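The values are calculated or read from the model by the stated rules, or taken from the named source; none is laboratory data. Here the structure is a predicted model, which means the values were calculated and not measured. Here the Cβ is made from the backbone with ideal geometry for all residues, glycine too, and neighbour counts use every protein chain on show.
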Amino acid sequence: MNRMLGKVVVITGAGQGIGKAAAELFAAEGARVIATDINAASLAQLENCETRQLDVLDAEAIVQFSQETGPVNVLFNCAGYVHNGTILDCDEKAWQFSFDINVTSMYRMVRAFLPGMITTGNGSIINMSSVASSIKGAPNRFAYGMTKAAVIGFTKAVAADFVTQGVRCNAICPGTVQTPSLEQRMHATGDYDTAYKNFVARQPMGRLGSAQEIAELALYLASDAAAFTTGTTHIIDGGWSN
Ligand code: NAD
């Protein structure tokens, strides 16, 4: 019940899906959670969290936000975006947008919050990657897989540089998780049932993951139970990449 007592947590993309599940779980475990998202209406649904509208594409807003909060113990970079298609479907604008939202956002958030963690000698940064990254090539996930692979390199570099200063940095690599955006993507195919069956068919466990299951891994990485863990990529995918 109290695995996060005394910890201050910032989460991006916390309005729905995995970010929301993590925000509410961390709060239930005693953390002071500042849940952020671009969508203020979805933030209003969160239980037991402080909320703050934040667009992770807005560099100035990120700096201002970090000055308002002061040092935090945990930064969970969860906001992300899925571009659908191959390299031939990905023009420069789409490439840039995917990189900005999935990678540059983390660069900005870590630059803003890492100095506070170094000052207190305590920090856990958790970056949301995916199995669709350097771990596995997934069809029609060109820009997505490219950016999520970059997140792994980013995570390892930050972990290596600050390992002696009390700051840990780890990545989570989920397989397919049933969240509102996945629901939207399945509806967008025009044939929800087939899209759902196709996602489930590639799962050796015969089911998709839940946001709660991913949040439990984030909780472990955020908590002191993971004090010896840094620079790692945690696959949580129901055996998809096995
Ligand atoms: P989601 O896609 O359902 O929700 C994403 C949230 O991010 C939304 O609340 C949205 O409003 C917010 N957001 C979008 N743009 C933003 C911006 N510019 N600034 C701030 N917030 C913004 O959530 P999800 O499916 O749980 O995915 C969360 C993370 O997990 C993403 O990084 C995603 O790539 C990753 N992931 C998801 C799956 C999956 O199958 N769902 C699998 C692997 C990795």
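Could you figure out which of (1) surrounded by fewer than 19 Cβ atoms within 10 Å (Cβ to Cβ); (2) of a type outside the set (F, W, Y); (3) out of contact with any Leu (no Cβ under 9 Å at 6 or more places or on another chain); (4) modelled with pLDDT of 95 or more isn't true of Q178? Here Q178 meets the rest and fails (3). When W95 is tested against (1) of a type in the set (F, W, Y); (2) more than 17 Å from the chain's Cα centre (by Cα); (3) within 15 Å of the ligand (Cβ to nearest atom), exactly one condition is not met: (3).
Could you check the range 10-80 for strands (runs of 3 or more DSSP E) lying wholly inside it with 1 or more residues that are over 17 Å from A112 (Cβ atoms) and out of contact with any strand residue (DSSP E or B) (no Cβ under 9 Å at 6 or more places or on another chain)?
On the way: elements: 32-37, 50-53, 74-77.
It comes to none.
If you go through the range 117-148 and pick out every residue that is surrounded by fewer than 20 Cβ atoms within 10 Å (Cβ to Cβ) and assigned to a helix (DSSP H, G or I), you end up with 3.
Among what's in the range 26-85 and is among the aromatic types (F, W, Y) and within 16 Å of the chain's Cα centre (by Cα), pick the residue that is surrounded by the fewest Cβ atoms within 10 Å (Cβ to Cβ). Explain how you work it out, then say what you get.
Going residue by residue through the range 26-85, those that are among the aromatic types (F, W, Y) are 26, 65, 76, 81.
Still in the list and also within 16 Å of the chain's Cα centre (by Cα): 26, 76, 81.
Details: F26: 28, F76: 30, Y81: 16.
Taking the candidates together, the pick is Y81.
The residues listed here are N77, N39; of these, the one that is of a type in the set (S, T, N, Q) and closer than 29 Å to A227 by Cα is N77. The condition (being of a type in the set (A, V, I, L, M), in contact with a strand residue (DSSP E or B) (Cβ under 9 Å, 6 or more places away or on another chain) and closer than 25 Å to G17 by Cβ) is satisfied by just one residue among V103, V158: V158.
Report yes if A195 is touching a residue at least 40 places away in the same chain (Cβ under 8 Å), crowded, with 16+ Cβ neighbours inside 10 Å and in a helix (DSSP H, G or I), otherwise no.
Details: touching a residue at least 40 places away in the same chain (Cβ under 8 Å): no; crowded, with 16+ Cβ neighbours inside 10 Å: yes; in a helix (DSSP H, G or I): yes.
When the stated conditions are applied, A195 does not pass them.
Between R168, R202, R185, R207, the distinction of being within 13 Å of the ligand (Cβ to nearest atom), among the basic types (K, R) and at pLDDT 95 or above belongs to R207 only. The residues listed here are I38, I11, I18; of these, the one that is among the β-branched types (V, I, T), more than 8 Å from the ligand (Cβ to nearest atom) and modelled with pLDDT of 95 or more is I11. The residue of the range 198-213 that is surrounded by the fewest Cβ atoms within 10 Å (Cβ to Cβ), among those that are of a type in the set (S, T, N, Q) and over 15 Å from the mean Cα position of the chain (by Cα), is N198. The set of residues in the range 105-147 that are among the basic types (K, R), within 14 Å of the ligand (Cβ to nearest atom) and without any contact (Cβ under 8 Å) to a residue 60 or more places away in the chain comprises R108, R141.
Contact map, the range 65-82: first residue away from the ligand (no atom under 14 Å from the Cβ), second residue of a type in the set (K, R) and in a helix (DSSP H, G or I), Cβ cut-off under 9 Å, separation 6 or more or different chains; pairs are S66/R111.
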